[in-house]
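The values are calculated or read from the model by the stated rules, or taken from the named source; none is laboratory data. Model, not experiment: these values are computed from the prediction. Positions of Cβ are backbone-derived with ideal geometry, glycine not excepted, and every protein chain shown enters the neighbour counts. For accessibility, only protein heavy atoms count, side chains too; no ligands or nucleic acids. Shrake-Rupley method; radii C 1.70, N 1.55, O 1.52, S 1.80 Å.
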Amino acid sequence: MYTIEQIKTLPDFLLELNYSDGGIVVADFKPIIAKGGVFSVLADPQVFNQVRLGERGRYIEWPDELDFCADSFRVNQAVSDGKAAEIAVATAA
């Protein structure tokens, strides 16, 4: 079970997620925003930048109950030694 300790918003709809085990993931939200639907609201930078940690770092969330599980960013990712792994967020978690 992974937990996120810190989120940093980056330009171009990227998030840097710092995990409690030292892993870092840079998540690209452009693909999920481009699909439209419920996550299309994140195309507004003012909304996107409202991201915050959920309870115990188990998820990230935005207003209106939009969220992604911390595990979803790490599954099948080789993240170690504090080096960032870039992923494109393709599906809602």
Q: May I ask you to list the residues in region 20-50 that are open to solvent by 80 Å² or more (accessible area, probe 1.4 Å) and either over 18 Å from Pro63 (Cα atoms) or touching a residue at least 12 places away in the same chain (Cβ under 8 Å) (or both)?
A: Asp21, Ala34, Lys35, Val38, Asn49, Gln50
Q) If you check Leu17 against the conditions, is it touching a helix residue (DSSP H, G or I) at 6+ places or on another chain (Cβ under 8 Å), in a strand (DSSP E or B) and surrounded by 12 or more Cβ atoms within 10 Å (Cβ to Cβ)? A) yes
Q) Tally time: how many residues in region 23-41 are in a helix (DSSP H, G or I) and either under 12 Å from the mean Cα position of the chain (by Cα) or on the phi > 0 side of the Ramachandran plot (or both)? A) 3
Q) Is it fair to say Asp67 is outside any strand (DSSP E or B) and charged (D, E, K, R)? A) no
Q: Those residues that are touching a Phe, Trp or Tyr at 6+ places or on another chain (Cβ under 9 Å) and within 17 Å of Asp71 (Cα to Cα), I need them from region 7-31; list them, please.
A: Leu15, Leu17, Tyr19, Ser20, Asp21, Gly23, Val25, Ala27, Asp28, Phe29
Q. Just one of Gln6, Gln77, Gln50, Gln46 is in a helix (DSSP H, G or I), of a type outside the set (A, V, I, L, M, F, W, C) and either out of contact with any His (no Cβ under 8 Å at 6 or more places or on another chain) or at pLDDT 90 or above (or both); which is it?
A. Gln46
